[in-house]
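The values are calculated or read from the model by the stated rules, or taken from the named source; none is laboratory data. Owing to the predicted nature of the structure, the values given are computational and were not obtained by experimental measurement. In this analysis, Cβ positions are derived from the backbone assuming ideal geometry, glycine residues included, and neighbour counts consider all displayed protein chains. Side chains are part of the model used for accessible areas, which takes the heavy atoms of the whole protein and leaves out ligands, DNA and RNA. Shrake-Rupley method; radii C 1.70, N 1.55, O 1.52, S 1.80 Å.
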Amino acid sequence: MVLVQQAYISNYTGHAKIDRLLFIADRTAGKPLELEALRMAHDELKKTENTHRYQEVVTKINGRLGSCYNMDRSWVDATERRSAAKGERLESELQSFKAALMKESIRMGHSDLGDWAYDRGDLQTAFKCYVRTRDYCTTSRHVVAMCLAVIRTALELGNFVHVANYIGKAESTPDVSSDPVTTAKLRAASGLHLLHNKKFKQAARKFCEVSPELGSSYSDVIALHDLAVYGSLCALASLDRSELRTRVISNIGFREVLELAPEIRELVHAFYNSQYASALRCLEALKPTLLLDMHVAEYVPQLYALIRHRALCQYVQPFSSVNLATMAVAFNTPVGDLEKQLAGLIMDGAISARIDSATKVLYASKADLRATTFSRVLSAGEAYCRDTRALLLRANLVQHDFMQVGGEDGPLQGPVGRVVVMREIEGGNGKRKEDPGPWYGPNADLAGTWDFHLRKEDGCVRAGVG
């Protein structure tokens, strides 16, 4: 287990490595893996300037790893003095750059202060410093560097609104598409943002678009192995068979990424080839590892449920009837549990079928294509007649100089309108315009279900609707 842990964690650097170790320690409290994760996190933190987090880890260890892992007060004090002196120097330099109005130097000064705060673990200060560099960016390369720094920090803060905003800013920067590594970083970050928002279909598409050229250049956020895991799970949970084949199995770029996770590759192929028992066994074998992954652990139950439901739907789709006993063997599931799951899918409308509980057979409900076609034809005919009557009404109103106006409160919002006679009428007092009063009719569809006639009363032309 220790060797597996070391091989797994070696894929990461910087904060991502420490964050994952501490997440594993929290999820394995009271188990041997907890102390191993804390030991590795302790060793990594002593290479940084994050004294606050170092003290938290030592408190969690609580002397269980021997005297070598007790609080090193001298190291803490020396690191804090050194870090404080560095921060004062960077702040002084920034002020001098501002006084001299050196735009590029100001940008670099804010960026250096952000890096300093990030190394100390002060993510909020780092985020503010990185954002301030935006006003001093003069090239597209500067803008992209600023966006990537903000995205990395926002991901650690869990502020996914800012992640989405700055991904959009970076993608709209000229020439960003010419750098495949930067494009891959943005797609990976976008996939994480969508995953945490439970938009699994969009997340699958983003993860599957990440180029293997990303390599280890984004190891302080995510590893290629993670992309294979996240992309495949989201794809199995949300994509249909044709899109699964196009985006995952036949995607040359993503196939290279899948080579880094052979167990995930086997899962995808087993699911696509309708070997559902094998696929579900692979999922269960992966579950303990996935529950220790800080990005996907929260969504494992939901993803697993969606994958299982999709497998059940795909299994019954080609058949007019299915024996539940045979299906239970294919899914390695008791017949009673399978019947409950299928009943839930039928109630949700995912499967159009009925279950004979006595014989344990599922019968598909086939749609009556003849009746459906006639219904669609009748609906189209009614829509044509309704539109034609509306056009005739409008043509007659225009011909007789009528117009529709709103009520006292503005434009017409309800079913009551006013038809105003715009024709000048000869009367006893000379030419005048008359308002014949309210006219009733449906606003959105003037003649949808109403007949009309025009009549002349008292020297005025009126529209009668009824």
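Any residue in segment 284-292 that is in contact with a helix residue (DSSP H, G or I) (Cβ under 7 Å, 6 or more places away or on another chain) and within 18 Å of A184 (Cα to Cα)?
First pass over segment 284-292, keeping only residues in contact with a helix residue (DSSP H, G or I) (Cβ under 7 Å, 6 or more places away or on another chain): 286-287, 290-292.
In the following step, the residues that additionally are within 18 Å of A184 (Cα to Cα) were identified as none.
No, segment 284-292 contains no residue that is in contact with a helix residue (DSSP H, G or I) (Cβ under 7 Å, 6 or more places away or on another chain) and within 18 Å of A184 (Cα to Cα).
Taking helices (runs of 4 or more DSSP H) that fall entirely within segment 321-400, which contain at least 1 residues that are closer than 22 Å to I307 by Cα and touching a strand residue (DSSP E or B) at 6+ places or on another chain (Cβ under 8 Å)?
On the way: elements: 324-331, 335-348, 369-399.
Of the helices (runs of 4 or more DSSP H) lying wholly inside segment 321-400, those with at least 1 residues that are closer than 22 Å to I307 by Cα and touching a strand residue (DSSP E or B) at 6+ places or on another chain (Cβ under 8 Å) span 324-331, 335-348.
Residue by residue, here is whether (1) touching a Lys or Arg at 6+ places or on another chain (Cβ under 9 Å); (2) among the basic types (K, R) holds:
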{"position": "R265", "(1), (2)": "yes, yes"}
{"position": "A285", "(1), (2)": "no, no"}
{"position": "M347", "(1), (2)": "no, no"}
{"position": "R354", "(1), (2)": "no, yes"}
{"position": "L362", "(1), (2)": "yes, no"}
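Looking at this structure, is T59 among the hydroxyl-bearing types (S, T, Y), under 33 Å from the mean Cα position of the chain (by Cα) and assigned to a helix (DSSP H, G or I)?
no
Just to be sure, is V150 open to solvent by less than 20 Å² (accessible area, probe 1.4 Å) and either among the acidic types (D, E) or under 21 Å from L94 (Cα atoms) (or both)? Walk me through how you get there before you give the answer.
On the way: open to solvent by less than 20 Å² (accessible area, probe 1.4 Å): yes; either among the acidic types (D, E) or under 21 Å from L94 (Cα atoms) (or both): yes.
Spelling it out, V150 is indeed open to solvent by less than 20 Å² (accessible area, probe 1.4 Å) and either among the acidic types (D, E) or under 21 Å from L94 (Cα atoms) (or both).
Suppose the filter is of a type outside the set (S, T, Y), open to solvent by 40 Å² or more (accessible area, probe 1.4 Å) and part of a loop (DSSP other than H, G, I, E, B); does M71 pass it?
When the stated conditions are applied, M71 passes them.
Please tell me if L267 is in a helix (DSSP H, G or I) and in contact (Cβ under 8 Å) with a residue 60 or more places away in the chain.
On the way: in a helix (DSSP H, G or I): yes; in contact (Cβ under 8 Å) with a residue 60 or more places away in the chain: no.
Criteria not met by L267.
Pairs needed: first member in segment 84-103, assigned to a loop (DSSP other than H, G, I, E, B); second member anywhere, open to solvent by 90 Å² or more (accessible area, probe 1.4 Å) and of a type in the set (S, T, N, Q); C-beta distance under 9 Å; at least 6 residues apart or different chains.
Hits for this filter: zero, empty list.
If V229 meets every condition in (1) within 19 Å of E298 (Cα to Cα); (2) surrounded by fewer than 21 Cβ atoms within 10 Å (Cβ to Cβ); (3) in contact with an Asp or Glu (Cβ under 8 Å, 6 or more places away or on another chain) apart from one, which number is that one?
Among (1) within 19 Å of E298 (Cα to Cα); (2) surrounded by fewer than 21 Cβ atoms within 10 Å (Cβ to Cβ); (3) in contact with an Asp or Glu (Cβ under 8 Å, 6 or more places away or on another chain), V229 violates only (2).
Among the residues of segment 172-192, what is the count of those that are surrounded by fewer than 17 Cβ atoms within 10 Å (Cβ to Cβ) and either outside any helix (DSSP H, G or I) or under 17 Å from the mean Cα position of the chain (by Cα) (or both)? If you could, list the steps in order and put the result at the bottom.
Start the filter on segment 172-192 by keeping residues that are surrounded by fewer than 17 Cβ atoms within 10 Å (Cβ to Cβ), which leaves 172, 174-175, 177-181.
Now narrow it down to the ones that are either outside any helix (DSSP H, G or I) or under 17 Å from the mean Cα position of the chain (by Cα) (or both): 172, 174-175, 179.
Of the residues in that region, 4 qualify.
For segment 18-57, which residues satisfy the criterion of being basic (K, R) and open to solvent by less than 40 Å² (accessible area, probe 1.4 Å)? Working first, answer last.
Taking segment 18-57 and keeping what is basic (K, R), we get 20, 27, 31, 39, 46-47, 53.
Scanning segment 18-57 gives a single hit, R20.
Need the failing condition index for L101 against (1) open to solvent by less than 80 Å² (accessible area, probe 1.4 Å); (2) at pLDDT below 90, just the number.
Checking L101 against (1) open to solvent by less than 80 Å² (accessible area, probe 1.4 Å); (2) at pLDDT below 90, the one that fails is (1).
Counting only residues that are under 13 Å from L236 (Cα atoms) and open to solvent by 50 Å² or more (accessible area, probe 1.4 Å), how many does segment 309-337 have?
Total meeting the criteria: 2.
How many of the residues making up segment 6-56 are closer than 20 Å to E298 by Cβ, part of a helix (DSSP H, G or I) and of a type in the set (S, T, N, Q)?
The qualifying residues number 0.
If F254 meets every condition in (1) open to solvent by 10 Å² or more (accessible area, probe 1.4 Å); (2) within 22 Å of the chain's Cα centre (by Cα) apart from one, which number is that one?
So F254 meets the others, but not (1).
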